[in-house]
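Asks: This structure is in structure tokens; I'll ask about it shortly.
Just so it is clear, none of the values below were taken in a lab; they were calculated from the coordinates. What you are looking at is a predicted structure, and each value in this text was computed from that prediction instead of being measured. In this analysis, Cβ positions are derived from the backbone assuming ideal geometry, glycine residues included, and neighbour counts consider all displayed protein chains.
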Amino acid sequence: MDSPRQRILDLREQLNRHNHNYYVLNAPEISDREFDMLMKELEALEKEYPDMDDPYSPTHRVGSDLAEGFEQAAHIHPMLSLANTYSIDEVDEWFGRVRSGLGGEQFDVVGEMKYDGTSISLIYEHGRLVRAVTRGDGEKGDVVTDNIRTIRSIPLQLQGSGWPDMFEIRGEILMPWKEFERLNKEREFNEEPLFANPRNAASGTLKTLDSREVARRGLDAYFYYLLGPELPANNHYDNMMAARSWGFKVSEIMTLLHSLEEVDSFINRWAEERRELPVATDGLVFKVNSLRQQLNLGFTAKSPRWAIAYKFPAERACTKLRYVSFEVGRMGIITPVANLKPVLLSGTVVKRASLHNEDIVRQLDIHEGDMLYVEKGGEIIPKITGVDENGRQPGAKPIEFVSHCPACGSRLIRVEGEASWQCPNKFGCPPQIAGRVEHFVGRKMMNIDGIGEETAQQLFATGLVKNIADLYDLTRDQLLTLDGFGPRSAERVLDGLEASKQMPFDRVIYALSIPFVGDTVAKKVAKAFPDIDRLMAASAAELAAVKDIGPRIAESIVEYFANPLNRSIVERLRQAGLQMSLPEESDEGRSDRLAGKTIVISGVFQHHSRDEYKEMIERAGGKNASSISKKTDFVLAGDNMGPSKREKANSLGVPLMSEDEFLALMGEAEPTE
Ligand code: IVH
């Protein structure tokens, strides 16, 4: 039997291999379950043998929430862009320029996909990933190593052999379509702003400070450029094949092309077939293969002469308007939607497109049965960009905005200064009520495990839940009558409801669906009025006196609590046991030891979490700042403090204080675990 220490090493090796099989080769050899079992075993052993800890262990891919802002680093070689072309003719012209640039010499070209994500530069030393930097301004970018480490298709430790001691590899970080759709669906449900396309989603995710969130988002990466003083081959293609053998994901599409004819047929083939790919692409890239020839051709100020991008045309379709529907949201806002004759656009069928509000319908001057232009461009959400007036039928009437709610028949109102029409029937209009139930259970609100969009709709449709307070009267037997519900799912909902009673007061305020009260406003309101009775008694003037709360929001809150139906819902929620006040602040640990001091926290700590240190500083009257400046009194420096922060502190003469020194200062001389 192996020693546990040997077993740790074996498990790491196995898990790295399986990660590579799964994420890079797309060819797993074991089931997810078996993988999880190996991972669990490794986690347990590493816990037992903390001296064997290694930041390169596959268990460290889950991420941490330590990052705080990003440091910047200069690129070794500036990250340039590519010259764009939009037609085969232009690519052919580039080919001609290369030929004459090389004095008529024979040359090969590598054809590649142009992946539409966000570019990254990775530095490897002695086979290990040491730094990941975003493109930034091309000269310097953000150091996002912690986030990059969570991407499972990026090797932390290289495989095979022959890699140079030090090299840089560049590639594109992407969010696969599937993952993008899942994320946006989740964000829609949680009322977070949607990402317009996978590119924004990928770059937004890379800039997320919490790498655990990054780990959850399923990013992927393709690599297309190897740089360094000693590369394995004298041509781009072989270098990329070597990179593949070290564990990098290098696209299978990458092809060596020997003539202009082959370049052209590559374009024709992939302009179509790219639609089948799991990730977004916006064109193709052609690169001269020989590194010697690349060197001869050189660079312009902005881009290499040895490479060119061919961009796919933006896709536009023209289709017939069937009818305009008017949809009612949680707050009663009416949104006009164009229902179209289905049309294929950038690989998906488009049937509907939002027209946003009455003003937009007017501006576009849409008439019944019009032929409409739909575009997707880089955006995934289809947009109506215009009307083909030649396609208008004689006598077609302009689209009229409805005057009554399509769901409940109430007369609509338009609030002064707003673009949207609203249904005022808050308590009788079905989609509004169902929408509020959905909002209430959402992740950023009461986070009721077991009730998703579908169940929320079902609860409303069956009449079991007519308002949010009814949720807490649900019984097991009632839940069992729902379609697709068994004892397990019923139990899960009941547990979720029970757990939601611990959600803090500000979440409860947010979950109520008070117009204009989002999560940030809810937090501010809760802080200023820390219990519901005080909040319900507050006047508009008192509310508006709170920082960042304008008269609009203040009035909306007063109006909400003035309504007896809302008051009775709040009362029932209170009876059910929800948190209706913020916990009293205790005086424990309060002092003025750090009064007037500005402190920056950096690095990793042994005895308390960063958040705990932050709180300690605030309780002692100090201020926690995120970046070092002349105003910083000292840096609370843990392990692994970034070199650039250290340098900055030195150059400004800001002293560093160790964790133990700080605890001693705070009167916690001998820290206990
Ligand atoms: S090569 C010096 N190859 O496109 C040449 N770039 O417009 C460096 N991109 O910043 C780039 N796919 O983010 C190269 N196969 C590919 C690419 C690619 C996507 C992106 C990359 C770059 C931008 C240039």
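Asks: Let me check I have the definition right: for the chain, take the eigenvalues of the Cα gyration tensor, multiply each by 5, take square roots. What are those semi-axes in whole Å, largest first?
Replies: One finds semi-axes of 46, 40, 25 Å for the chain.
Asks: For the stretch 313-352, what does the relative contact order come out to in percent, with C-alpha contacts under 8 Å and a separation of six or more?
Replies: Relative contact order comes out at 36 percent.
Asks: Hey, another quick one. Using 0.36 nm times the number of residues separating E400 and K185, minus their current alpha carbon distance, what extension gain do you get?
Replies: Working: separation 215, 0.36 × 215 = 77.40 nm, distance 3.09 nm.
My answer for the length gained is 74.3 nm.
Asks: Please label the shape of the stretch 79-126 as rounded, prolate or oblate, based on the square roots a ≥ b ≥ c of the eigenvalues of the alpha-carbon gyration tensor (a/c under 1.5 means rounded; beyond that, a/b larger than b/c means prolate, else oblate).
Replies: oblate
Asks: Of L260, L11, how do they rank once you tally other Cβ atoms within 10 Å and put the fewest first? The partial results should precede the final answer.
Replies: Numbers: L260 15, L11 20.
Placing the least packed residue first, the sequence is L260, L11.
Asks: With a cap of 15 neighbouring Cβ atoms within 10 Å, and only residues DSSP puts in a loop, list the GluC sites (Glu not before Pro) found in the stretch 111-217.
Replies: Passing sites in the stretch 111-217 are E139.
Asks: Which of the residue pairs K207/K341; K501/K645; K40/K178; K311/K351; K320/K426; K114/K207 have a Cα-Cα distance greater than 32 Å in the structure shown?
Replies: Violating the 32 Å limit, Cα to Cα: K207/K341; K501/K645; K320/K426.
Asks: At what distance in nm do the modelled label points of E213 and N21 sit from each other, each positioned 7 Å from its Cα along Cα→Cβ?
Replies: Using points 7 Å along Cα→Cβ, the separation is 3.4 nm.
Asks: Calculate the dipole size of the chain relative to its Cα centre from +1 charges on Lys and Arg beta carbons and -1 charges on Asp and Glu beta carbons; express the result in debye to the nearest 20.
Replies: Charge dipole of the chain: 1480 debye, to the nearest 20.
Asks: Right, here's the next one. So how much slack lies between A537 and N268, counting 0.36 nm per residue of separation and subtracting their Cα-Cα distance, in nm? Write down the numbers at each step before the final one.
Replies: Values: separation 269, 0.36 × 269 = 96.84 nm, distance 6.89 nm.
Computed gain between A537 and N268 is 89.9 nm.
Asks: In vacuo Debye scattering of the stretch 227-329, one point per C-alpha: log10 I(q)/I(0) at q = 0.10, 0.19 Å⁻¹?
Replies: With one equal scatterer per Cα and no solvent, log10 I(q)/I(0) is -0.44, -1.18.
Asks: Would you please give the FRET efficiency between E252 and R5, computed as 1/(1 + (r/R0)^6) with r the Cβ-Cβ distance and R0 = 51 Å, to the nearest 0.05?
Replies: 0.85
Asks: Here's another thing I want to ask about it. How many Å³ per residue does the convex hull of the Cα positions in the stretch 353-471 occupy?
Replies: 170 Å³
Asks: Apply 1/(1 + (r/R0)^6) to the Cβ-Cβ distance of A83 and L227, taking R0 = 25 Å, and write down the FRET efficiency to the nearest 0.05. It would help to have the intermediate numbers written out before the result.
Replies: Numbers: r = 19 Å, r/R0 = 0.77.
Using R0 = 25 Å, I get an efficiency of 0.85.
Asks: Work through the residues other than Y373 whose Cβ is under 12 Å from its Cβ and net out their charges, Lys, Arg +1 and Asp, Glu -1.
Replies: -1
Asks: Still on this structure, I have one more. Relative to the present Cα-Cα distance, how much length would full extension add between R593 and A664 at 0.36 nm per residue of separation? Could the numbers behind the result be given before it?
Replies: Numbers: separation 71, 0.36 × 71 = 25.56 nm, distance 1.18 nm.
Result for the pair: 24.4 nm of gain on full extension.
Asks: For the stretch 503-594, run through the trypsin sites (Lys or Arg not before Pro) and keep only the ones in DSSP coil with at most 15 other Cβ atoms within 10 Å of their Cβ.
Replies: K547, R590, R593
Asks: Shifting gears a bit: Binning at 10 angstrom from zero up to the longest distance, how are the C-alpha pair distances of the stretch 574-673 distributed in percent?
Replies: In order of increasing distance, the bins hold 14, 43, 25, 10, 5, 1 percent.
Asks: Lone cysteines in the chain, defined as no other cysteine's Cβ under 4.7 Å from theirs: which are they?
Replies: C318
Asks: So the label point goes 7 Å from the Cα of E105 along Cα→C-beta, right? Which residues of the stretch 284-320 then have their backbone N under 17 Å from it?
Replies: 287-299, 305-307
Asks: So for M657, M445, fewest C-beta neighbours within 10 Å to most, what's the order? List each step's numbers first, then the result.
Replies: Numbers: M657 16, M445 24.
Fewest-to-most Cβ neighbours within 10 Å comes out as M657, M445.
Asks: When only Cα pairs under 8 Å and 6 or more residues apart are kept, what is the percent relative contact order across the chain?
Replies: Averaging sequence separation for qualifying contacts and normalising by length gives 9 percent for the chain.
Asks: State, to one decimal in nm, how far the label point of S651 lies from the label point of N447, with both points 7 Å from Cα in the Cβ direction.
Replies: Those two pseudo-labels are separated by 4.0 nm.
Asks: Okay, next question. Please work out whether the stretch 490-593 counts as rounded, prolate or oblate from its C-alpha gyration tensor, where a ≥ b ≥ c are the square roots of the eigenvalues and a/c under 1.5 means rounded, while otherwise a/b larger than b/c means prolate and anything else oblate?
Replies: oblate
Asks: Taking the Cβ of each residue in I468, I267 as the centre, tally the other Cβ atoms inside 10 Å and list the residues starting with the fewest.
Replies: I267, I468
Asks: Sticking with this structure for a sec: Restricting to DSSP loop positions (anything but H, G, I, E, B) with no more than 10 other Cβ atoms inside 10 Å of their own Cβ, which GluC sites (Glu not before Pro) remain in the stretch 519-626?
Replies: E584, E585, E588
Asks: From the Cα gyration tensor of the stretch 90-248, with a ≥ b ≥ c the square roots of its eigenvalues, which class applies: rounded if a/c is under 1.5, or else prolate if a/b is larger than b/c, or else oblate?
Replies: oblate
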